[in-house]
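Before any comments, here is the structure.
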Amino acid sequence: MDKVVIVGAGVAGINAATKLVDNNYKGQITIIDMGKDPYNRLPEEVMTGMLGAGGWSDGKLTYHTEVGGQLSKYCGEEKAMELFDQVIANFKRFHPKPEEVQCSDPQAEPEFIKPHFGLKLFPVWHVGTDYLHEIGKNWYNYLVDSGVEFIWETKVTDIDFEEQIVKFEDGYEPLVEGLRYDTLIFGVGKSGIDFGKALAEEYDLPTEPKAVQIGVRFEAPQKHFQKLIDISYDFKLYRKFEDKGVSLRSFCTNNNAAYVAAEHTYGDYSYNGHAKKDEAFRNDMTNFGILMEIRGIDKPFDWSREAVKKLQIDGKGTFYSPSHRVPSKTSEGDYVKCEVVNSMDTLYDALGDYALYIEDFIEDMKKVFPTLGNDWGIYMPEVKYLSPEPLVNYDNLSLTKYDNVHFVGDALSARGITVSGAQGTYVAENLLKQNKNEQEREILRVQNN
């Protein structure tokens, strides 16, 4: 009986397992994760556990192939959209109130944006952050009832691609020697990017270098952006400087009941955001990332790690507001963990002249949204760690050197819930197809004998 081991219980791994059990896959499926199951995972435990980072704290599913990664390059535009539909259907399926999942689909770019920014318009499904934890519990119950084995609070320390063994940290006694697999799905998420990088180096995997993705989390009263929010809730402002190898975009916009969240990765703080649907949490704030992509940086992963370290003071990230706004409170009522600074000098110290692009982005927003002025603050940094992307076979996302090892989600440079889930589903579909072909060959072999 084939054994599938999934490293990472994030959106990619969970969708892969769901596709398999929905289609009566007969093999054993085991999912390993550093975090906790949805019944024991705390709201502030953002990075690890059931549904990963995005599925635990971000209720927006982007519905366009130009956002969140390059899924269509592997499977084509039509197939990519079909895979997106399956991910969205799963979130609705396990949602306690599926009728509240709504899609916004802005069509026209407003004239007041055009002089200073491009604006990407695309559909977004709004699941609602408030419901994610219940979705996680319902989804988890379904998989457990379907025979999926979960191993929680267990860190994978090594994977032997040759012997097909996943090795754990000391302390998980029943499996201390490791777990054998026939098929491995590697979906470690943001908190495991360095592990994927180490495996790529250990096995000399062919890779494609990725650009640096770093910036700040911008926060201001929602009233300043309302005329754009009325057109596009999750707006994407962008600017490109092709000759400099730099582009910028706003990322993961949150409104109405919008909160900044601190992420603790590799021992350092960075920042993200989420929005609550419950009116009781309404604070009339807006936050979004201003994320800068920098191409041509040597060793972009290491460069990003060093820049993030320079933005830490006394073990926390930093916050700056020209009008001396204080850091906001989290949805739990605590102040966001950060150290207040009096200028953007720390950003320049960390990013060098690249910080000028972020400052110019903010200055031009003040022109487009004239009431904004200095009524804003930035949490530094926001970062997406992208190690060199391993080269995979397009038909099933398996490594070109190991056809039974499949990389998905952030491990394959997906940036977003929908793309990550779609990659996991894509891998599972091809495993089912492969399994069916093997069964048919076996039937023919028996008949011929």
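The values are calculated or read from the model by the stated rules, or taken from the named source; none is laboratory data. Keep in mind the model is a prediction, meaning the values are calculated, not measured. Using ideal geometry, Cβ is built from the backbone for each residue, glycine included, and neighbour counts are taken over all protein chains shown. Just the protein is used for accessible areas: all its heavy atoms, side chains included, with ligands, DNA and RNA removed. Shrake-Rupley method; radii C 1.70, N 1.55, O 1.52, S 1.80 Å.
Here are a few things to note about the model shown:
- The one condition in (1) surrounded by 14 or more Cβ atoms within 10 Å (Cβ to Cβ); (2) farther than 15 Å from ALA422 by Cβ that CYS103 fails to fulfil: (1)
- Condition met for GLU169 (more than 20 Å from the chain's Cα centre (by Cα), touching a residue at least 40 places away in the same chain (Cβ under 8 Å), open to solvent by 50 Å² or more (accessible area, probe 1.4 Å) and under 24 Å from MET47 (Cα atoms)): no
- Some residue of segment 123-139 being open to solvent by 20 Å² or more (accessible area, probe 1.4 Å) and among the hydroxyl-bearing types (Ser, Thr, Tyr): yes
- Where GLU82 falls short, out of the listed (1) surrounded by 18 or more Cβ atoms within 10 Å (Cβ to Cβ); (2) assigned to a helix (DSSP H, G or I); (3) over 19 Å from the mean Cα position of the chain (by Cα): (1)
- Evaluation of ILE113 against (1) without any contact (Cβ under 8 Å) to a residue 24 or more places away in the chain; (2) under 22 Å from LEU237 (Cα atoms); (3) of a type in the set (A, V, I, L, M) (one fails), failing number: (1)
- Count - residues of segment 231-244 that are crowded, with 20+ Cβ neighbours inside 10 Å and at pLDDT below 90: 4
Quick grid of which residues meet (1) of a type outside the set (A, V, I, L, M); (2) buried (at least 17 other Cβ atoms within 10 Å of the Cβ):
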{"position": "VAL246", "(1), (2)": "no, yes"}
{"position": "ALA257", "(1), (2)": "no, yes"}
{"position": "VAL260", "(1), (2)": "no, yes"}
{"position": "ASP298", "(1), (2)": "yes, no"}
{"position": "ALA307", "(1), (2)": "no, yes"}
{"position": "GLY315", "(1), (2)": "yes, no"}
{"position": "THR330", "(1), (2)": "yes, yes"}
{"position": "VAL340", "(1), (2)": "no, no"}
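- Test result for ALA261, under 22 Å from the mean Cα position of the chain (by Cα), closer than 20 Å to ALA280 by Cα and in contact (Cβ under 8 Å) with a residue 12 or more places away in the chain: yes
- Qualifying residue in segment 412-433 (condition: assigned to a helix (DSSP H, G or I), open to solvent by 70 Å² or more (accessible area, probe 1.4 Å), of a type outside the set (Asp, Glu) and over 30 Å from ASP234 (Cβ atoms)): yes
- One residue stands out in segment 122-168 among those that are of a type in the set (D, E, K, R) and assigned to a helix (DSSP H, G or I): the one that is nearest to PHE195 (Cα to Cα), namely LYS137.
- Sole exception among (1) open to solvent by less than 60 Å² (accessible area, probe 1.4 Å); (2) farther than 30 Å from LYS114 by Cα for VAL446, by number: (1)
- Residue in segment 272-283 that is open to solvent by 10 Å² or more (accessible area, probe 1.4 Å) and more than 26 Å from ASP234 (Cβ to Cβ) present: no
- Taken over segment 266-280, the residue count meeting the criterion of being under 13 Å from SER331 (Cβ atoms), outside any strand (DSSP E or B) and touching a residue at least 60 places away in the same chain (Cβ under 8 Å) is 3.
- Residue check, PHE288 in contact with a helix residue (DSSP H, G or I) (Cβ under 8 Å, 6 or more places away or on another chain), buried (at least 16 other Cβ atoms within 10 Å of the Cβ), at pLDDT 90 or above and of a type outside the set (Asp, Glu): no
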